[in-house]
Amino acid sequence: MLTRDTDAFLAAARACAPDFGPATARAAFLVAPDGFGLAAESASDNRYMAEATAFDATRASAQHRDLQRALSAELPVICFAGDPATPDAVFPNNVFATAPGRSIIGRMRHPVRQREAARADIRRFFVESLGRSEIDLSTQPHACELTGALAIDRARGLGFCGLSERCDEAGARLMHDAFGLRATLMFDLAQGEYHTNVVLAVLAGRAALICADGFADPATVAAIGACYGSHAIPLSPAERAAFAGNAISLAPDSVWMSATAARGLSAASRKALTAAGFGVREVVLDAIEAAGGSLRCCVGEVF
């Protein structure tokens with residue numbers, strides 16, 4: 001099912017048992033911030049991106065190494081070299097993703113990011129080293145920026161796809177099919193939002209961080225919240241602005257976010273995460289956040 005109908009989606013979601021697959025990834029991959037700097041094309045529809053003078057490539061590189069080191073305590077993490085011709089490549093989850101037995105390559109909106117999809121080394125790693133079949137969406141005309149636009153409940157096979165310039169309805173269908181999901185809800189993001197994963201994080205299939213002001217329709221927020229019940233955790237506009245919604249669970253009992261996001265969490269949000277069984281893990285990433293994304297954007301998942 002791929003629908004905009006919140007009632008139909010919620011009925012389908014409630015019938016989905018958590019037997020679709022592992023709730024968290026078996027490994028993760030990063031791309032180093034080589035050539036890190038302001039990408040003017042990306043800045044045209046990413047309100048979170050800082051001015052060019054705020055970019056510090058040296059600090060971004062050091063923080064990225066710290067990120068890999070921190071995540072490696074929880075699961076295997078590999079890091080591919082960056083490319084000065086692709087300054088946004090530090091956010092690979094928009095371009096490369098996986099599902100069991102498959103690697104998926106997205107179609108980016110901006111040419112500066114479309115170049116990332118041509119990385120032969122990353123493609124070969126998944127196909128030749130991991131033995132995955134490749135689903136290449138990068139050459140068709142519809143934007144579908146993978147797990148930037150699409151938040152996935154991997155345990156139940158549910159997708160939450162925010163539509164914007166970075167993903168249209170045709171792109172949503174392509175991703176729904178590529179990931180083989182049971183049900184995907186399409187919805188409009190609020191004006192000025194570019195990616196779902198800034199305003200929604202599904203945590204290990206049993207909780208969700210939800211920034212209500214990032215959605216165009218309150219009915220969408222209510223439907224997503226109903227999927228997670230008491231573990232649907234509302235985030236304030238201030239928490240969203242601190243990137244608290246750009247979080248990820250890589251193990252059943254933890255949630256990773258940037259130090260900026262962790263500082264921005266309210267006491268109520270921390271209490272709710274604890275009640276859902278998650279400890280907060282944080283990494284300083286303020287230099288990388290100048291590029292308009294945070295920790296979750298940096299992490300590609302291997303399922």
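Can you spot a residue in the stretch 248-266 that is of a type in the set (D, E, K, R), surrounded by fewer than 22 Cβ atoms within 10 Å (Cβ to Cβ) and touching a Phe, Trp or Tyr at 6+ places or on another chain (Cβ under 6 Å)? Taking every residue of the stretch 248-266 in turn, none turns out to be of a type in the set (D, E, K, R), surrounded by fewer than 22 Cβ atoms within 10 Å (Cβ to Cβ) and touching a Phe, Trp or Tyr at 6+ places or on another chain (Cβ under 6 Å). Remark: pairs (first residue in the stretch 46-66, without any contact (Cβ under 8 Å) to a residue 24 or more places away in the chain; second residue exposed (fewer than 13 other Cβ atoms within 10 Å of the Cβ); Cβ separation under 9 Å; 6+ apart in sequence or on different chains) = Ala52/Ala40. Would you confirm whether or not the stretch 190-203 contains a residue that is crowded, with 23+ Cβ neighbours inside 10 Å, within 14 Å of the chain's Cα centre (by Cα) and on the phi > 0 side of the Ramachandran plot? No. Looking only at residues of the stretch 7-50 that are crowded, with 19+ Cβ neighbours inside 10 Å and of a type in the set (S, T, N, Q), we find that the one that is modelled with the lowest pLDDT is Ser42.
State yes or no: is Ile233 of a type in the set (A, V, I, L, M) and in a helix (DSSP H, G or I)? Explain how you work it out, then say what you get.
Numbers: of a type in the set (A, V, I, L, M): yes; in a helix (DSSP H, G or I): no.
No.
Close Cβ contacts (under 7 Å, 6 or more residues apart or on different chains) running from residues in the stretch 68-94 that are more than 16 Å from Gly106 (Cβ to Cβ) to residues that are of a type in the set (S, T, N, Q) and part of a helix (DSSP H, G or I) comprise Val77/Gln68; Cys79/Gln68.
Return the only residue of Ala17, Ala70, Ala97 being assigned to a loop (DSSP other than H, G, I, E, B), of a type in the set (A, V, I, L, M, F, W, C) and either more than 30 Å from Gly192 (Cβ to Cβ) or within 20 Å of the chain's Cα centre (by Cα) (or both).
Numbers: Ala70 fails: assigned to a loop (DSSP other than H, G, I, E, B); Ala97 fails: assigned to a loop (DSSP other than H, G, I, E, B).
On inspection, the qualifying residue turns out to be Ala17.
The one condition from (1) more than 28 Å from Asp136 (Cβ to Cβ); (2) touching a residue at least 60 places away in the same chain (Cβ under 8 Å); (3) buried (at least 18 other Cβ atoms within 10 Å of the Cβ) that Ala208 does not meet is (2). Applying the criterion of being under 21 Å from Ala25 (Cα atoms) and in contact (Cβ under 8 Å) with a residue 40 or more places away in the chain to the residues of the stretch 163-180, the residue that is surrounded by the fewest Cβ atoms within 10 Å (Cβ to Cβ) is Gly180.
State whether the residues of the stretch 11-21 include one that is closer than 23 Å to Asp188 by Cα and in contact with a Gly (Cβ under 7 Å, 6 or more places away or on another chain).
Within the stretch 11-21, not a single residue is closer than 23 Å to Asp188 by Cα and in contact with a Gly (Cβ under 7 Å, 6 or more places away or on another chain).
The values are calculated or read from the model by the stated rules, or taken from the named source; none is laboratory data. What you see is a predicted model; the values in this text were computed from it and never measured. Reconstructed Cβ throughout: ideal geometry from the backbone, glycine too, with neighbour counts over all protein chains shown.
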